[in-house]
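Enquirer: Can you read through this structure? Questions will come right after.
The values are calculated or read from the model by the stated rules, or taken from the named source; none is laboratory data. It should be emphasised that the depicted structure is a prediction, and the values quoted were computed from it without experimental measurement. For neighbour counting, all protein chains shown are included, and Cβ atoms are generated from backbone atoms with ideal geometry for every residue, glycine included. The protein model used for the area step is the full one, side chains on, heavy atoms only, and it has no ligands, DNA or RNA in it. Shrake-Rupley method; radii C 1.70, N 1.55, O 1.52, S 1.80 Å.
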Amino acid sequence: MFRETNSRSIVKGITWRVLATTTTVIIVYVFFGRLDLAIAAGILESVLKVALYWAHERGWHKIRWGRERISPFNLWFTGLPSSGKTTIADAVFVELEKLHIPLERIDSKDIRDLIPNIGYSREERNRHLKRVGHLIQTLQNNSISTVASFISPYRESRKALREMVHNNIVVYIKADLETCKQRDAHGNYDKALAGEYPNFTGISDVYEEPKHAEIIIDTDLLSVEEAVKIITSYVKKHYIK
C-alpha cells in the first residue's frame with residue numbers, strides 16, 4: 001500500500017497546471033497565429049483559475065452541508081503481560097494515522113512513568129484506570145480518538161471505562177500464559193514467580209477475561225500484520241465511513 005505524500009501532490013498540481021496552460025497557449029496560437037497573444041492568454045488563464053479555485057475552496061470551507069463529523073473512538077487493548085498489546089497497538093496507531101484523523105497513543109508504561117508509585121493492588125489499579133478514563137474523556141471532548149494499551153485485568157475497571165468514554169472498542173489480545181512467559185524479554189514473569197513482584201497479573205493476581213470484547217485477537221494464531229488488518233477494518237467499517 002502506498003500513501004500520496006504532500007510533496008508528490010504539489011508536484012502533480014504544478015505539472016498539471018503547466019500542461020493546461022501550455023494547451024491554452026497552443027490553441028490560441030493555432031487560431032490566431034500570434035505567439036504574444038497566446039502567451040498572454042495562457043498567463044491570464046492560469047492566474048484567473050488559481051484565483052477562482054482559491055475563492056471556490058474558501059466558499060465551500062464555510063458551508064457545513066455534506067460534512068460528516070467523525071465521532072471519536074477509543075481502542076482499548078487489554079490482555080496478559082507480554083501478550084502483545086503494545087506491539088499490536090503501536091502498529092494499529094501507525095496504520096490509523098494514515099487516515100489523517102486526530103489520534104493519540106496512550107500506553108500503560110508511559111502513564112506510570114508520569115505518575116509513579118501508583119501501586120498494583122486491585123483498588124489502586126481501578127483508581128488508576130479511572131484517571132486514564134478521564135484523560136480519554138478530555139481528548140474525546142476535543143474530537144481526538146485514542147489507541148490505549150493497558151493490562152486492565154479486572155472487569156469492573158473495564159466496565160467503568162466503557163461507561164466513561166464514547167465508542168469504546170475493547171480489543172482482547174488473547175495469549176496463553178506459557179506463550180507470554182516465552183515472550184517476556186525482561187524476565188518479569190520469573191521475578192514474579194520468585195516473589196519479587198506481588199500482585200503480578202497471571203501469577204499472583206487474576207486476569208479476568210473480557211466477556212463482551214468487540215474484537216478478540218488470538219496471538220497464538222494471528223500475526224501482528226493480520227491483527228492490524230482486522231482491527232483497522234473494524235474501525236473503518238464502524239467509525240470512518
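Enquirer: Per residue, how big is the convex hull around the C-alpha atoms of segment 75-174? Give it to me in cubic angstrom, could you?
Expert: 95
Enquirer: Tell me whether segment 1-59 comes out rounded, prolate or oblate; compute the Cα gyration tensor, take square roots of the eigenvalues as a ≥ b ≥ c, and use a/c under 1.5 as the rounded threshold.
Expert: Taking the square roots of the gyration eigenvalues as a ≥ b ≥ c, segment 1-59 is oblate.
Enquirer: Based on the Cα atoms of segment 131-241, what semi-axes does the equivalent ellipsoid have, where each is the square root of 5 times one gyration tensor eigenvalue, given in whole Å with the largest first?
Expert: 28, 19, 12
Enquirer: Please give the helix 155-164 orientation as an angle from the longest Cα principal axis of the chain, in degrees from 0 to 90, rounded to the nearest 10.
Expert: Roughly 30 degrees, rounded to the nearest 10.
Enquirer: Let me ask another. In deg cm²/dmol and to the nearest 500, what is the mean residue ellipticity at 222 nm of the chain if only DSSP H runs of at least 4 residues count, each as -39500 (n - 2.57), divided by the residue total?
Expert: Computed mean residue ellipticity for the chain: -18000 deg cm²/dmol.
Enquirer: What does the charge count near ALA192 come to, summing +1 for each Lys or Arg and -1 for each Asp or Glu among other residues with Cβ under 15 Å from its Cβ?
Expert: Overall, the nearby charge balance is -2.
Enquirer: Also, quick follow-up: Using a 1.4 Å probe, what is the accessible area per residue for segment 129-241, in Å²?
Expert: Solvent-accessible surface per residue comes out at 54 Å².
Enquirer: Using only the Cα atoms, what convex hull volume per residue in Å³ does the chain have?
Expert: Enclosed volume per residue, from the Cα hull, is 173 Å³.
Enquirer: Let me ask something else about it. Using a 1.4 angstrom probe on heavy atoms only, work out the carbon and sulfur share of the accessible area of the chain in %.
Expert: Carbon-and-sulfur percentage of accessible area, whole number: 59.
Enquirer: Are there GluC sites (Glu not before Pro) in segment 34-106 that DSSP puts in a loop and that have at most 13 other Cβ atoms within 10 Å, and which ones?
Expert: Answer in residue order: GLU68.
Enquirer: Angle between the Cα long axis of helix 6-32 and the longest principal axis of the chain, 0 to 90 degrees, nearest 10?
Expert: 10
Enquirer: Taking the Kirkwood radius as the inverse of the mean 1/r across Cα pairs, report the Rg/Rh of segment 1-111.
Expert: 1.27
Enquirer: OK, next. So, in nm, how far is label HIS166 from label VAL94 when the simple model puts each one 7 Å beyond its Cα toward the Cβ?
Expert: 3.0
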